[in-house]
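The values are calculated or read from the model by the stated rules, or taken from the named source; none is laboratory data. Since the model is a prediction, treat every value here as computed from it, not as a measurement. Neighbour counts are summed over all protein chains in view; Cβ atoms, including those assigned to glycine, are modelled from backbone coordinates with ideal geometry. For accessibility, only protein heavy atoms count, side chains too; no ligands or nucleic acids. Shrake-Rupley method; radii C 1.70, N 1.55, O 1.52, S 1.80 Å.
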Amino acid sequence: MLQFLENIFGPSWIVSLIAFLISTTVILIVTPVTFMMMTWFERRIVARMQDRLGPNRVGPAGLLQAVADGVKMFTKENITPRAADKWVHLIAPLVATGPVIFLFAVIPWGYGLSPVDINVSVLFVIAVSSISAVGLMMGGWGSNNKFALLGAMRAVAQMVSYEIPAVIALLSMVLFTGTMNLNKYTELQGGLPILGNTLKDVIPDLGLGWFVFTPIGLVGFMIFFICILSEGERTPFDIPEADSEIVAGYMTEYSGMKFAVFYMGQFLFNYALSMVASIIFLGGWNFPGIPQLISIAPPIGALASAVVLGAKAWFLFFVMIWLRGAFPRLRMDQLMAFAWKFLLPLALINILSAALWLTIMLWCTGDCTQNPWVFTVGGINPLGWLGNSPVLRQLVGFVLTAIINAGAFFWLLNVNRRPAGETPADLARDQAFGTASLP
Amino acid sequence: MNILIMVIFVVLAAFTLAAGVMVVTVKNIIHAALWLIASFFSVAAMYLLMEAEFIAIVQVLVYVGAISILVLFAIMLTRHVTGEGVRQLYKRWWIALIVAAALFGVLIVPTVFNYEWAVQPSGAQISIASTVEIGTAFMREYLLPFEVASVLLLVALIGAIVIAFEERSTRRRVLTLAEEVEQRRQRNESLRLAPTTHASETSE
């Protein structure tokens, strides 16, 4: 094939250049269209939840509303405040949005549909998504506006602190699966719920061995999804642009297309991270019937897999909208306390249970008398009774990690029941000092 | 292919150097920080050019995602530094230049002379930076530096917590609006009562 293409088009680097140009073009067309669909979807769903109609005039069911909005954005006056730092103000939306579109380059959109297949794509997602914080900072500072600066500070503080539990949640999955390649996650999540691929020879691949059905994956998914909400500034965590407090945060001084680019970055960030969450925790494009379809007719299977993955990502986006319709905004101290006192310890305990699971799965499989590293108690292997049955190991691991994770979850809930400053210890201290010492 | 890589390398190297020069010459300190981020980026791109994906991504993660954000935050929180007109050069800048050049020489000269430069790329695919190899190296050859670094980071972490707790013991929790109103009412009452009690005392 490559030889054939070389004969037609010339040396191989031209071929690769053309191939990458094609996938880049596809990404650059698909992402803005996704963004437009997302704005329409969000407005319609929120309207539905608030007992309104939402945009329903432009096109069938208001579907073309986003196009009309785009025309409006294009024709709006492009204002740069006189005291603003012109270049920083101009570049900021690009720095905030560019990395988000980078993310789509490593995300597999379906079976065999990843634009670039790199080995460390999970790490890539983490690293690149942290760049857009620089763009927000630039926007907030370059606008020369106190609201913008406050919004940027809030946004970055929030992003930085929620990145830690998100990364640790992903790290527990990396430990669990032993790979950082997003393409491999889907393969690992075939089979049955809980049992995964272990009964592959007996029961046909149902494509339901999603990690969210395991205790480690469930806790990891919860933590990661909450962190997505926070990093994408969705409503319970939208204090960086709290419109009742600081106008629009770092976007205060932006209008026209520059505002639209910021807005697009935010929505696509939500979508990209929803996709990552669906791939890592919700089984990627696995669904009953899809593995068979891929083996029978690969092109149709690839298309179906892309549809399934898209449906999962859109479902997660729907949950985000749902939360927006249901929850009020958190306070800054509640936000920070939640990240540092609940999510972070839970994520750390989750890593420990992932390690335990891994130990149970791999302990002394095969011939273990030859292995000098195997730890024995008085010459007896403490996990020897598990034998070589992956199903038994999987079940034992499931039960143990379920106990640990559930215990940790309820313990942390109990510890954090009272807000900061109102725990019994704090109240006792307040009593001791007397309320009179308050300012 | 080699020419293409050479061209990309030269462009990236020129950009890195230019960005580095901008960092030390530009007047506005925020702009300096932004140029620093640009140079970090192009260093990451060079790692990528050498097919060291993992190191490139870690470069972005650590330097762009964490350190530069911290730098920006620190600059923005210190109020008077952001203004223009901060002096760029001091009288004895040449001493700094000599020290920096000497350090760079100490690092680069032994490498240049001791490394056996492969003129022709060998046929075998050498992956310089697979995560497995890096992990193994950390756990075997470089275990001691790895552990020392982790202990250092742990100490820094605990230090930050200790500092935060010291400050916290002198700070009260944030009051709710109702509590604040109640407090203000109490204070007003005590203010209103105070003169009268005082007056009654003096009248006696």
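Rounded to the nearest percent, how much of the accessible area of region A:78-333 (1.4 Å probe, protein heavy atoms only) is carbon and sulfur? Write out the running numbers ahead of the final one.
Numbers: 6470 of 9110 Å².
Answer for region A:78-333: carbon and sulfur cover 71 percent of the accessible area.
Given a Förster radius of 56 Å and the C-beta distance between residue B:189 and residue B:27 as r, what FRET efficiency does 1/(1 + (r/R0)^6) yield to the nearest 0.05?
Details: r = 56 Å, r/R0 = 1.00.
Taking R0 as 56 Å, the efficiency between residue B:189 and residue B:27 is 0.50.
Which value, in square angstrom to the nearest 100, describes the accessible area buried between chains A and B on both sides, using a 1.4 angstrom probe?
Result for this pair: about 2700 Å² buried.
Just to make sure I understand: if all protein chains stay in place, what is the order of A:154, A:393 by accessible area at 1.4 Å, largest first? Provide the component values of the computation, followed by the final result.
Details: A:154 60, A:393 5 Å².
These residues rank, largest area first, as A:154, A:393.
Can you give me the solvent accessible area of residue A:411 with a 1.4 Å probe, rounded to the nearest 10 Å²?
Approximately 150 Å² for this residue.
How crowded by other chains is A:112-120, given as the mean number of beta carbons from other chains within 10 Å of each beta carbon? Write out the running numbers ahead of the final one.
Working: counts 0, 0, 0, 0, 0, 0, 5, 7, 9.
Counting Cβ atoms of other protein chains within 10 Å of each residue's Cβ and averaging gives 2.
With a length cut of 20 Å (Cα positions projected on each helix's long axis) and a Kyte-Doolittle mean of at least 0.0, go through chain A and give me the DSSP H helices that pass.
A:12-49, A:86-106, A:146-177, A:215-231, A:256-280, A:298-326, A:344-362, A:390-415
Could you rank the peptides B:40-51, A:58-69 by their average count of other C-beta atoms within 10 Å per residue, with the highest value first?
Working: B:40-51: 18.0, A:58-69: 15.4.
So the peptides B:40-51, A:58-69, ranked by packing, come out B:40-51, A:58-69.
What pairs in A:86/A:312; A:312/A:341; A:146/A:312; A:258/B:27 have C-alpha atoms more than 32 Å from each other?
Listed pairs above 32 Å: A:86/A:312; A:146/A:312.
Could you please report the charge total around residue A:124, scoring K, R as +1 and D, E as -1 over all other residues with beta-carbon less than 15 angstrom from its beta-carbon? Display every interim value, and only then the final one.
On the way: positive: A:184; negative: A:117, A:163, B:51, B:53.
Every neighbour counted, the sum reads -3.
May I ask you to compute the full-extension gain from residue B:9 to residue B:160, defined as 0.36 nm times their residue separation minus their alpha-carbon distance, rounded to one decimal in nm? Intermediate values should be presented prior to the final figure.
Working: separation 151, 0.36 × 151 = 54.36 nm, distance 4.06 nm.
Contour length minus the Cα-Cα distance gives 50.3 nm.
State whether chain A is rounded, prolate or oblate according to the following rule on the C-alpha gyration tensor (a ≥ b ≥ c being the square roots of its eigenvalues): a/c under 1.5 gives rounded; otherwise a/b larger than b/c gives prolate, and the remaining case gives oblate. Could you put the intermediate results ahead of the total?
On the way: a/c = 1.96, a/b = 1.16, b/c = 1.69.
It comes out oblate by the Cα gyration axes.
Report the local net charge at residue B:53: Lys and Arg +1, Asp and Glu -1, summed over other residues whose C-beta lies under 14 Å from its C-beta. Could you put the intermediate results ahead of the total?
On the way: positive: none; negative: A:117, B:51, B:133.
Once positives and negatives cancel, what remains is -3.
Over the heavy atoms of residue A:52, what accessible area does a 1.4 Å probe trace out, to the nearest 10 Å²?
120 Å²
Suppose R0 equals 41 Å; then what is the FRET efficiency for residue A:411 and residue B:67 from their Cβ-Cβ distance, rounded to the nearest 0.05? Intermediate results must be reported in sequence, preceding the final value.
Details: r = 35 Å, r/R0 = 0.85.
Calculated value: 0.75.
Please give the contour-minus-distance gain from residue A:72 to residue A:146: 0.36 nm per residue of separation, less the Cα-Cα distance, rounded to one decimal in nm. Walk me through the intermediate numbers first.
On the way: separation 74, 0.36 × 74 = 26.64 nm, distance 2.74 nm.
Extra length from residue A:72 to residue A:146 when fully extended: 23.9 nm.
Under a Cβ-Cβ cut-off of 13 Å, what is the net charge of the residues other than residue A:91 that fall near it, where Lys and Arg count +1 and Asp and Glu count -1?
Numbers: positive: A:86, A:258; negative: A:85.
Net charge around residue A:91: +1.
Give, in nm to one decimal, the length gained when the segment between residue A:257 and residue A:203 is fully stretched (0.36 nm per residue of separation minus the Cα-Cα distance).
Details: separation 54, 0.36 × 54 = 19.44 nm, distance 5.36 nm.
Gain in length upon complete extension: 14.1 nm.
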